[in-house]
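K.L.:
Mind having a look at this structure? Questions to follow.
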Amino acid sequence: QVQLVESGGGLVQPGGSLRLSCAASGSILGINVMGWYRQPPGKQRELVATITAGGSTKYADSVKGRFTISRDNAKNTVYLQMNSLKPEDTAVYYCNAGVLVVGGLTLKDYWGQGTQVTVSS
(Lines give C-alpha, C1' and ligand atoms only; values in the text may rest on other atoms or scores of the structure.)
Protein backbone atom coordinates (compact mmCIF):
# COMPACT_ATOMS: atom_id res chain seq x y z
CA GLN A 1 0.00 0.00 0.00
CA VAL A 2 2.84 2.36 0.94
CA GLN A 3 6.50 1.91 0.09
CA LEU A 4 9.55 3.76 1.38
CA VAL A 5 12.61 3.48 -0.86
CA GLU A 6 15.98 4.65 0.42
CA SER A 7 19.06 5.53 -1.59
CA GLY A 8 22.44 7.15 -1.12
CA GLY A 9 24.30 4.78 1.18
CA GLY A 10 27.82 3.55 0.55
CA LEU A 11 31.43 3.52 1.67
CA VAL A 12 33.05 6.80 2.71
CA GLN A 13 36.27 7.79 4.45
CA PRO A 14 36.23 9.37 7.92
CA GLY A 15 35.49 13.08 7.61
CA GLY A 16 33.55 12.56 4.41
CA SER A 17 29.92 13.21 3.53
CA LEU A 18 26.93 11.29 2.25
CA ARG A 19 23.34 12.24 1.49
CA LEU A 20 20.55 9.74 2.03
CA SER A 21 17.16 10.04 0.38
CA CYS A 22 13.90 8.26 1.11
CA ALA A 23 10.84 8.55 -1.12
CA ALA A 24 7.41 7.42 -0.02
CA SER A 25 4.90 6.24 -2.60
CA GLY A 26 1.49 4.61 -2.70
CA SER A 27 -1.98 5.54 -1.51
CA ILE A 28 -0.84 8.45 0.65
CA LEU A 29 -3.22 11.05 1.99
CA GLY A 30 -0.64 12.69 4.24
CA ILE A 31 2.59 12.11 6.13
CA ASN A 32 3.18 13.33 9.67
CA VAL A 33 6.65 12.70 11.09
CA MET A 34 9.42 11.34 8.90
CA GLY A 35 12.71 10.17 10.29
CA TRP A 36 15.93 8.26 10.05
CA TYR A 37 17.03 5.48 12.37
CA ARG A 38 20.16 3.36 12.28
CA GLN A 39 21.31 -0.03 13.49
CA PRO A 40 25.06 -0.39 14.06
CA PRO A 41 26.55 -3.91 13.85
CA GLY A 42 25.55 -5.95 16.88
CA LYS A 43 23.48 -3.15 18.39
CA GLN A 44 19.83 -2.12 18.58
CA ARG A 45 18.16 0.29 16.21
CA GLU A 46 18.44 3.90 17.39
CA LEU A 47 16.96 7.26 16.48
CA VAL A 48 19.09 9.53 14.29
CA ALA A 49 16.76 12.40 13.41
CA THR A 50 13.11 13.22 12.82
CA ILE A 51 11.23 16.02 11.09
CA THR A 52 7.56 16.98 11.26
CA ALA A 53 5.43 18.09 8.33
CA GLY A 54 5.90 21.64 9.57
CA GLY A 55 9.68 21.33 9.60
CA SER A 56 10.44 20.89 13.30
CA THR A 57 13.48 18.70 13.78
CA LYS A 58 15.00 16.52 16.47
CA TYR A 59 18.46 14.93 16.51
CA ALA A 60 20.34 12.34 18.50
CA ASP A 61 23.10 13.99 20.54
CA SER A 62 25.70 11.94 18.68
CA VAL A 63 24.86 13.55 15.32
CA LYS A 64 23.99 17.12 16.30
CA GLY A 65 25.99 19.64 14.30
CA ARG A 66 27.03 17.02 11.73
CA PHE A 67 23.77 15.69 10.26
CA THR A 68 20.87 17.67 8.80
CA ILE A 69 17.42 16.26 8.12
CA SER A 70 15.10 17.89 5.61
CA ARG A 71 12.02 16.99 3.61
CA ASP A 72 10.12 17.86 0.47
CA ASN A 73 6.43 17.49 1.29
CA ALA A 74 5.39 17.78 -2.36
CA LYS A 75 7.57 14.76 -3.20
CA ASN A 76 6.92 12.81 0.04
CA THR A 77 10.68 12.61 0.39
CA VAL A 78 13.00 12.96 3.37
CA TYR A 79 16.74 13.55 3.21
CA LEU A 80 19.65 13.12 5.60
CA GLN A 81 22.80 15.10 4.88
CA MET A 82 25.65 13.53 6.81
CA ASN A 83 28.90 15.47 7.19
CA SER A 84 32.08 14.85 9.17
CA LEU A 85 31.32 11.16 9.21
CA LYS A 86 32.98 8.97 11.83
CA PRO A 87 33.60 5.20 11.92
CA GLU A 88 30.98 4.96 14.68
CA ASP A 89 28.37 6.20 12.20
CA THR A 90 28.69 2.87 10.39
CA ALA A 91 25.25 1.25 10.38
CA VAL A 92 22.26 0.27 8.33
CA TYR A 93 20.13 3.40 8.04
CA TYR A 94 16.34 3.05 7.92
CA CYS A 95 13.73 5.57 6.85
CA ASN A 96 10.49 5.82 8.82
CA ALA A 97 7.23 7.65 8.17
CA GLY A 98 3.89 8.04 9.90
CA VAL A 99 1.43 7.84 7.01
CA LEU A 100 -2.28 8.45 6.69
CA VAL A 101 -3.35 6.31 3.76
CA VAL A 102 -6.30 7.00 1.51
CA GLY A 103 -9.38 5.62 3.24
CA GLY A 104 -7.55 5.24 6.54
CA LEU A 105 -8.54 6.69 9.89
CA THR A 106 -5.23 6.67 11.75
CA LEU A 107 -1.54 7.09 11.05
CA LYS A 108 0.43 3.92 10.34
CA ASP A 109 4.15 3.42 10.71
CA TYR A 110 6.11 2.41 7.61
CA TRP A 111 9.79 1.51 7.25
CA GLY A 112 12.19 1.39 4.37
CA GLN A 113 14.36 -1.61 3.58
CA GLY A 114 17.53 0.01 4.90
CA THR A 115 20.70 1.28 3.28
CA GLN A 116 24.23 0.49 4.42
CA VAL A 117 26.56 3.31 5.41
CA THR A 118 30.17 2.33 6.08
CA VAL A 119 32.73 4.85 7.31
CA SER A 120 36.23 3.46 7.00
CA SER A 121 39.65 4.33 5.70
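K.L.:
Let me confirm something: among Ala23, Ala49, Ala97, which residue is at pLDDT 95 or above, at negative phi, open to solvent by 20 Å² or more (accessible area, probe 1.4 Å) and not hydroxyl-bearing (Ser, Thr, Tyr)?
P.N.:
That would be Ala23, the only listed residue that is at pLDDT 95 or above, at negative phi, open to solvent by 20 Å² or more (accessible area, probe 1.4 Å) and not hydroxyl-bearing (Ser, Thr, Tyr).
K.L.:
Which condition number in (1) free of Cβ contacts under 8 Å to residues at least 40 places away in the same chain; (2) touching an Asp or Glu at 6+ places or on another chain (Cβ under 8 Å) is the one that Lys64 fails?
P.N.:
Against the list (1) free of Cβ contacts under 8 Å to residues at least 40 places away in the same chain; (2) touching an Asp or Glu at 6+ places or on another chain (Cβ under 8 Å), Lys64 comes up short only on (2).
K.L.:
OK, next. Pairs please, first residue from region 75-91 and under 16 Å from Ser7 (Cβ atoms) and part of a loop (DSSP other than H, G, I, E, B), second anywhere and open to solvent by 40 Å² or more (accessible area, probe 1.4 Å) and among the hydrophobic types (A, V, I, L, M, F, W, C), Cβ atoms under 9 Å, 6+ apart in sequence or on different chains.
P.N.:
These pairs meet every condition: Asn76/Ala23.
K.L.:
A further question follows. Of all residues in region 3-18, count the ones that are surrounded by fewer than 16 Cβ atoms within 10 Å (Cβ to Cβ) and closer than 13 Å to Thr77 by Cα.
P.N.:
The total comes to 3.
K.L.:
Gly65 is checked against (1) of a type in the set (Gly, Ala, Ser); (2) surrounded by fewer than 21 Cβ atoms within 10 Å (Cβ to Cβ); (3) over 14 Å from Ala49 (Cα atoms) and fails just one. What number does that condition carry?
P.N.:
Exception for Gly65: condition (3).
K.L.:
Mind counting the residues in region 74-92 that are under 13 Å from Met34 (Cβ atoms) and surrounded by 14 or more Cβ atoms within 10 Å (Cβ to Cβ)?
P.N.:
Total satisfying the criteria: 5.
K.L.:
Out of contact with any Asp or Glu (no Cβ under 8 Å at 6 or more places or on another chain) and either open to solvent by less than 80 Å² (accessible area, probe 1.4 Å) or of a type in the set (Val, Ile, Thr) (or both): is that true of Val117 in this structure?
P.N.:
Spelling it out, it is not the case that Val117 is out of contact with any Asp or Glu (no Cβ under 8 Å at 6 or more places or on another chain) and either open to solvent by less than 80 Å² (accessible area, probe 1.4 Å) or of a type in the set (Val, Ile, Thr) (or both).
K.L.:
Okay, next question. Can you pull out every residue in region 47-100 that is among the polar types (S, T, N, Q), under 17 Å from Ala24 (Cβ atoms) and touching a strand residue (DSSP E or B) at 6+ places or on another chain (Cβ under 6 Å)?
P.N.:
The answer is Thr50, Thr52, Ser70, Asn76, Thr77, Asn96.
K.L.:
Continuing with the same structure: Considering (1) more than 16 Å from Leu4 (Cα to Cα); (2) surrounded by 17 or more Cβ atoms within 10 Å (Cβ to Cβ), say which one Gly42 fails and leave the rest.
P.N.:
(2)
The values are calculated or read from the model by the stated rules, or taken from the named source; none is laboratory data. The structure presented is a predicted model; accordingly, all values stated were derived computationally and were not measured. Virtual Cβ from ideal backbone geometry, glycine too; neighbours counted across all protein chains shown. Ligands, DNA and RNA are excluded from the accessible area calculation, which covers all protein heavy atoms including side chains. Shrake-Rupley method; radii C 1.70, N 1.55, O 1.52, S 1.80 Å.
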